[in-house]
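Asks: The structure's right below; bear with me while I get my questions together.
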Amino acid sequence: MANAGDGAAMNEPRDSRDSRETAGPAGQGVSRAELGRRLRSIRQAQGYSLQNIAEQAGLSKSFVSQLELGHTAASLGTLKRICAVLDIPVWALLDDEPDKPGGPGEPGDAPGARDGESGSGSVAIVRHDRRKVRRYPGSDTEISLLTPDLDRKIEVTLSVLQPGEGYGHETYTHRGEEFGLVLSGTYEVTVDGVAYVLEEGDSIYFSSRLPHRTRALGDTPVTTFWAVTPPS
């Protein structure tokens, strides 16, 4: 937990529009206002001031404040940097349906398997129509969580990115390792300053501690499969 910092930062005024804006309908992603509310709530619960978060994420205090008020948007890469400081997965901000029934997954048929277990002997099934889905405000990119939840040692996602979309121009880092597989389209993954162009069937593995970013190339949607440990 970080130091609380100045008291004013912990009680910044809320924008008057916050109370009127709500998360988008199921499947449409969270609104900017909802994302900002989640970020502010988590930040304050962990004892961070706006200045703490801004400095550690390499951002300005005013930008983080505007983000929390829903007045501006941040790239997925920037959100990843903020979440790395808070040590939370980006799903905590972008989860489309946090209370969706069936989110923890169904128990499997193996003897002794119980819903929600994370041990090596447990089995959990996520039906295709009950996956958690996240969308970034203003983006058509859809990211589906294939693992039951984030209380596991690995996060597996299926992403559909529109041409040109990705994690923004800036790179970011976080703890862990990740593996990506391109199922369709052309995808660019930049790791530690080197850009790798992947085609359908190509895969990549790297340490998440290396600066990295991704984007869809070409003029058709790109579908990718990612496995990240621990969840980010």
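FYI, it's all coordinate maths here, none of it is from the lab. Predicted model only: the values in this text are computed from it and were never measured. Cβ sites come from the backbone with ideal geometry, for glycine too, and all protein chains shown count toward neighbours.
Asks: So how do Glu199, Glu188, Glu165 line up by other beta-carbon neighbours within 10 Å, fewest first? Show your work: numbers first, answer last.
Replies: Details: Glu199 12, Glu188 16, Glu165 19.
Ascending number of Cβ neighbours within 10 Å: Glu199, Glu188, Glu165.
Asks: Testing the spin-label approximation: label points 7 Å from Cα along Cα→Cβ at Ala73 and Glu177. State their distance in nm.
Replies: Output for this residue pair reads 3.5 nm.
Asks: Here's another thing I want to ask about it. Separation between the Val197 and Ser60 pseudo-spin-labels, each 7 Å from Cα along Cα→Cβ, expressed in nm?
Replies: Rounded to a tenth, the inter-label distance reads 3.6 nm.
Asks: Looking at region 48-94, I'd like the Rg to Rh ratio, where Rg is from alpha-carbon atoms and Rh is Kirkwood's inverse mean 1/r.
Replies: Rounded to two decimals, Rg over Rh is 0.92.
Asks: Is region 124-229 best put as rounded, prolate or oblate by its Cα gyration tensor, with a ≥ b ≥ c the root eigenvalues, rounded for a/c under 1.5, and otherwise prolate when a/b is larger than b/c, oblate when not?
Replies: Numbers: a/c = 1.63, a/b = 1.20, b/c = 1.35.
Cα axes put region 124-229 in the oblate bin.
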